[in-house]
Structures are given as C-alpha cells and as structure tokens.
Amino acid sequence: MTGARRRTVRGAAVATAVLLGGMVPGAQAAAGVQEIDLELAYTCELPQGEQPVKVGISAKLPESAQPGQVIQPEDVVLEATLPEGAILLPDGSTAARVSAELRLGVDVSQQGRHARAEWIGTTAEAVPVPAEGGLSLTTSGSVPYVKPEGSGDLLFDADALSVELALETAQGTPAEPPAISLDCSADPDQPTQLAKTEVGDGEGAGDGASASAPPASGPAEKETADDEAVPEVGARAKNPAAPDAPPCVGDVEDDLNLNAYVTGYANVAKLDGATKFPLACTQVSQGPTRVDLSEPGFTHIYQDSTAVLDYRGKPQLPPTSGTFLTFGFMPTTATLEMTQIPPGTDAEGTPDYNVKSHLVVDWSDFTNTGVTTIDLDLMLRLRDVEVNGVPLDVGDNCRTSKPFTLSLEGRMTAKDGVTTGYTLATGGVLTGSVTLPPFSGCGAGEDLDSIFTASLSGAPGYVKQVQGAPCAAQQHVPGSEGAVCTDEYEPVDVPVAVR
C-alpha cells in the first residue's frame, strides 16, 4: 500500500470501511492465453499543470470462455513514466524516493452492456528519483475477476488512471508535502482496447474452456445464462504476495469492531538498517465521538478508540527473524517476539484509549484535515539467537527491561470529495519512532545484557507502518459484492510494507 490513498469521502467511520471485496478462487480458462503488452498516452494533472505521461499495461487473459465462467486477469503490471521535474516540491527541490499506487479504470463490456473494474498496482519499494530524465514507476498487484453472464465478445478497454505518490526525503522521512495525487485521462484518437475474450453460447466447452466453480464469496451461479445481463465484476482479490496472511477474524457481535492487517519497517538507528514488521492483525474497538463547535467557522470532531494486536489470540506481532551486529561487527540473528501490553481501564471501566482521532472541518472552503495518533505499549523478547551462525544460549527471558511505547501518526486531507492520507477506517501510512530500553535477563550461564543493550537500545528509530482497509464484520453481508470482508470476516485488503 502506498503513502497516499484516494478515497471518496463518506460520513461515518464504519461506512468508510466498506471499500473492497473478497477473494475469488481463480479459475482461468483452459483455452489459449492472450498476452496484453501495450503503451498508451495519457495526460496527467501535475502540480505544474498538464503533462504527457506514457503508461504501459501488461497482463494475461484467456482467449475464450463460457457464460458464467470466472475470468481472472493474471500477471498484471502497470508502468508510468513521469516527465522530469514532475514532483517538484514547493521549495524547488525534489523528493529523494517515491512509492506509487496506480489505479487504472477498465471498462468491461459485452453486447453494449458495461461494467467497471479497477486494476491496482503498487511499487514493491520506494524508487529513487533520478537526477535527470523521467521517473519510471513499475507496479503490480491483484485485480478483480470478471464473469460474463451471456454469450458474445467480452471487451476490456483502458479508461482513466489515478496515480498516488508517497514522497520521501534522503533520510527516509516523509517529504513536505508527503503525498501527491494525480488524475490522468487517456489521450483521444488512440485505441484503448486491452483485450477481447470470445464467450461461447454455453453449449459445452468446445474451445477447450472449462466452466469454473462459483466464487466462494460471490452469488450463486444462475441455472441458465442471461444474454441481457451485465458482466459481473468481482471484488479485488487479496494481494498474491501475501498468501500466508495470519488469521484476522472480526467480531460480528460488536458493531464498533474493525479488524485490519498492518505491516511495515522499523529503522534501528545504531545499525543504519531496517527490520521488516511481519504482516499482523489488529483489532480496533471504536469509542465515543465528541463534537466541538466552540471555534467559529470550524467543527472539531474527536474519537477515541482502542487498538490491540491479535496473533492467534495473543496481543502480539507474529514472531520474525532479525539480523543485527554485536560488538559492532559480528552478524547476529534472532527471533524477535513483540508483545503488546493491552490498554487497561479506569476505576469506572472506561478504556485507556490508545487511538486518538481528531478531524477539523473548515467551513470557509469545506476542507477537512485530520490526524490520528496510535500508541502501542510493547515488550521485545529475543530467542533462538545465533552469532556468526553459532547458537548462543540467551535463556528464556531475554527481553527489554521495561515496556516501551511505539508512537505512530497518520494525517489526512479531504477536499472536493476526495480523501488523501490515513484514516482509521480507510487505512494508509502511519509514521513514528521508537526507543528501545536496555535489555535484561539475557544469558543462561553468563550475563549478556550489555551486548544486546549496546547493539539495539537507545537512539530512536524511524518506523513506517501501512494499515490496510479494515473489515467491519458486523456490517458485512456474506456473498455481497464490493465487500471489504471475506465471508470468514477477515479483511480483504492485505497491505505491502514500504520503506
């Protein structure tokens, strides 16, 4: 997921969570496969004005199918080449690195009936901005399936493109501004057809295509094909790069529950390196909302919530392997276990909220700005330590000597119906820092506390987390299209860590 997300503004937090839909067990046509590989000319609204942008599109689609058969585009890659100087900052400088999310609208039509799909790709990591020449961005991701309900050629045509850019300084911190959104339209007088799939009449599978089973989360198959039906466009599938996402089930009995996947990186300042946080689940319970009208021309809206990590029922991140240096030069690997100390309650039973959201509505220009802060109290334990490949017995209680706080912040701006940045209900990028305390309890036969304290503790490290769009389990309707939850009440959106 990238640092900027373009969302249509909605009213309630739970309503904004209903963005994407469930995974479809793919059933590609057994017939021949056609490979899309073309370049289209677009015009994008850049900060400096309209500029030409070349967009490359590649994918694989079956040449033929039958009515009711699921067609899943595969190997989708979207590329955009921005002109030199396209991301100049207000002070005249440029960002050092850029992460991108491309969203290509695809018109799916059959016999004059149209449906819309969205092909989304993200960069695997931040891309350095060249000193000269254009900036090339290559993205990939999962896309919706399509299911023709009748016979006749199924056409795929490229439509509008949006580009979300997350900007970083040379130090790895967000630039100012931290994100740019670009709207692009395909230049006229050029063919925009991506592919054509021949759909038979449903009488057998004469072309070698085999009918697929219906999606587990989609509507039941019709007994007969309907030549007057609009092609069905499914929900966006889970990120194929994360098939082993841990369980993350929402509470259908709690109408204030949100559950979301998170991942990211944490820099260890002493090592001049970064450790990747594994994909994890977090459970959020939305708290009360307060409205403050005391400032003329502005409305302030506050909401307090609690966020608790959830790994197989425990408040922790999935264990992960990390590498660092002991004695300043000796490569050391260890399994890291990060456990959260969940928020408590006061004497009256009110939760100690660790999520604070503040939205400001400026009625002079109808601009909304918001900031969300999340504080997680954690303990870090090390186990299965090896120094230069040799096991080191650190005992069962090698951990930070006291809890420490991971503080994260996400910001958003909404104007003219478009939201950019992070909100609790839509996800996005959160940044912050963490300072590790000294270690204690390390060593079975000798005291090794000082080694790990010297290697890891002290100076604050920069943290960048990406939260996916959450599932609002209580709001989910099994079998519905466009849902953000699977029918097992897990989030559909699986984010990708970005530096």
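Screening the stretch 88-109 for residues that are buried (at least 21 other Cβ atoms within 10 Å of the Cβ) and of a type in the set (A, V, I, L, M, F, W, C) and picking the one that is farthest from Gly134 (Cα to Cα) gives Val108.
So which residues in the stretch 279-302 are polar (S, T, N, Q), more than 23 Å from the chain's Cα centre (by Cα) and assigned to a strand (DSSP E or B), if there are any at all?
Thr289, Thr299
If you check Thr320, Thr345, which single one turns out to be in the same structural domain as Gly417 (by TED's automatic domain parsing) and exposed (fewer than 12 other Cβ atoms within 10 Å of the Cβ)? Quick ask: steps written out before the conclusion?
Numbers: Thr320 fails: exposed (fewer than 12 other Cβ atoms within 10 Å of the Cβ).
The unique qualifying residue is Thr345.
For the condition loosely packed, with under 13 Cβ neighbours inside 10 Å and more than 20 Å from Leu279 (Cα to Cα), Asn354 does not qualify. Considering Glu386, Glu409, Glu337, the condition of being in the same structural domain as Leu309 (by TED's automatic domain parsing), closer than 30 Å to Val484 by Cα, of a type in the set (Asp, Glu) and touching a residue at least 40 places away in the same chain (Cβ under 8 Å) is satisfied by Glu337 alone.
Any idea which of Ala30, Ala15 is outside any loop (DSSP other than H, G, I, E, B), at pLDDT below 50 and out of contact with any Leu (no Cβ under 9 Å at 6 or more places or on another chain)? On inspection, the qualifying residue turns out to be Ala15.
The set of residues in the stretch 415-435 being over 15 Å from Val463 (Cβ atoms) and surrounded by fewer than 21 Cβ atoms within 10 Å (Cβ to Cβ) consists of Lys415, Asp416, Gly417, Val418. When you look at Gln66, is it more than 22 Å from the chain's Cα centre (by Cα), crowded, with 22+ Cβ neighbours inside 10 Å and at pLDDT below 90, yes or no? Spelling it out, Gln66 is indeed more than 22 Å from the chain's Cα centre (by Cα), crowded, with 22+ Cβ neighbours inside 10 Å and at pLDDT below 90. In the set Pro478, Pro437, Pro495, only one residue is at pLDDT 85 or above, over 14 Å from Thr263 (Cα atoms) and not in a helix (DSSP H, G or I); that residue is Pro437.
Taking only the stretch 66-95 into account, find how many residues are assigned to a strand (DSSP E or B) and more than 22 Å from Asp159 (Cβ to Cβ). Steps first, answer last, please.
Step one: list which residues in the stretch 66-95 are assigned to a strand (DSSP E or B), which gives 71, 74-82, 88, 94.
Pick out the ones that are also more than 22 Å from Asp159 (Cβ to Cβ) and you get 88, 94.
Qualifying residue count for the region: 2.
Among the numbered conditions (1) over 28 Å from Leu82 (Cα atoms); (2) surrounded by fewer than 22 Cβ atoms within 10 Å (Cβ to Cβ); (3) touching a strand residue (DSSP E or B) at 6+ places or on another chain (Cβ under 7 Å), the only one that Ser136 does not meet is (1). Residues in the stretch 266-285: is at least one of a type in the set (Val, Ile, Thr) and at pLDDT below 90? Yes, the stretch 266-285 has at least one match.
Looking only at the stretch 76-129, residues that are within 12 Å of Leu161 (Cα to Cα), free of Cβ contacts under 8 Å to residues at least 60 places away in the same chain and aliphatic (A, V, I, L, M) come to 1 in all.
The values are calculated or read from the model by the stated rules, or taken from the named source; none is laboratory data. A quick note: this is a predicted structure, and the numbers were derived from the prediction, not measured. Ideal geometry is used to build each Cβ from the backbone, glycine not excepted, and the neighbour counts take in all protein chains shown.
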